[in-house]
Structure formats: structure tokens, C-alpha cells
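The values are calculated or read from the model by the stated rules, or taken from the named source; none is laboratory data. Bear in mind the structure is a predicted one, so any value in this text is a computation, not a measurement. Neighbour counts run over all protein chains shown; Cβ positions are idealised from the backbone, glycine included.
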């Protein structure tokens with residue numbers, strides 16, 4: 001996630017209630033997924049961008065997770081995501097996001 005994307009997310013949250021913002025990633029691997037999720041949940045872990053030290057606490061999902069897949073028109077999902085789902089390490093991606101959501105829920109309670 002580059003600095004410009006971080007700034008866009010920050011501005012979106014500032015302009016809206018954070019409860020109305022959900023982040024849906026299309027990241028290609030578990031490591032990138034974890035880093036991007038951490039950035040929008042807890043703040044930029046590299047301390048280099050606009051979200052350094054800024055804990056937005058946003059819910060984060062991957063576009064291939066069942067919750068998102070279920071919410072998307074099946075034709076759109078088939079045309080835009082299904083092939084990606086077949087080649088990615090989706091179970092590892094899902095597992096890392098689930099662990100991060102659980103860990104963030106524990107620390108923010």
C-alpha cells in the first residue's frame with residue numbers, strides 16, 4: 001500500500017464514520033495481505049506513511065473470503081475474481097486475516 005493510498009484511506013475515514021468503512025483487499029499473497037491489513041487496522045507498521053501511528057480499526061476482508069463472495073453478484077465474481085481465487089493461497093490469506101481480526105478485537109476491547 002503506497003503513501004497515496006494510505007492518504008486516500010485516511011481521508012475517507014475522516015470524511016465518513018469509520019463504522020461505515022470496510023476495506024476489501026485483493027492482495028496476491030498472505031504476507032502482503034497481513035501488512036496491508038495491519039496498516040488499516042493498527043497503523044503503518046513501517047512508520048513511513050500517513051497512517052504511521054494512526055489506528056483506524058477498520059474491518060478488513062479479502063475479496064475471496066466467503067463473506068465477500070456471498071455479497072457480490074455471482075456473475076461479477078465469476079468474471080472478475082474467480083480465476084484469482086483458484087491460483088492464490090486463499091486459505092492462508094483467510095487464516096491470517098481471521099487471526100488479525102481476532103487479535104485486533106482482543107487489543108481494542
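List of remarks:
Residue by residue, here is whether (1) at pLDDT 95 or above; (2) part of a loop (DSSP other than H, G, I, E, B); (3) more than 11 Å from the chain's Cα centre (by Cα); (4) surrounded by 19 or more Cβ atoms within 10 Å (Cβ to Cβ) holds:
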| residue | (1), (2), (3), (4) |
| --- | --- |
| 24 | yes, no, no, no |
| 46 | no, yes, yes, no |
| 51 | yes, yes, yes, yes |
| 70 | yes, no, yes, no |
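- Hey, residue 58 modelled with pLDDT under 95, surrounded by 17 or more Cβ atoms within 10 Å (Cβ to Cβ), in contact with a strand residue (DSSP E or B) (Cβ under 8 Å, 6 or more places away or on another chain) and under 27 Å from residue 11 (Cβ atoms) or not: yes
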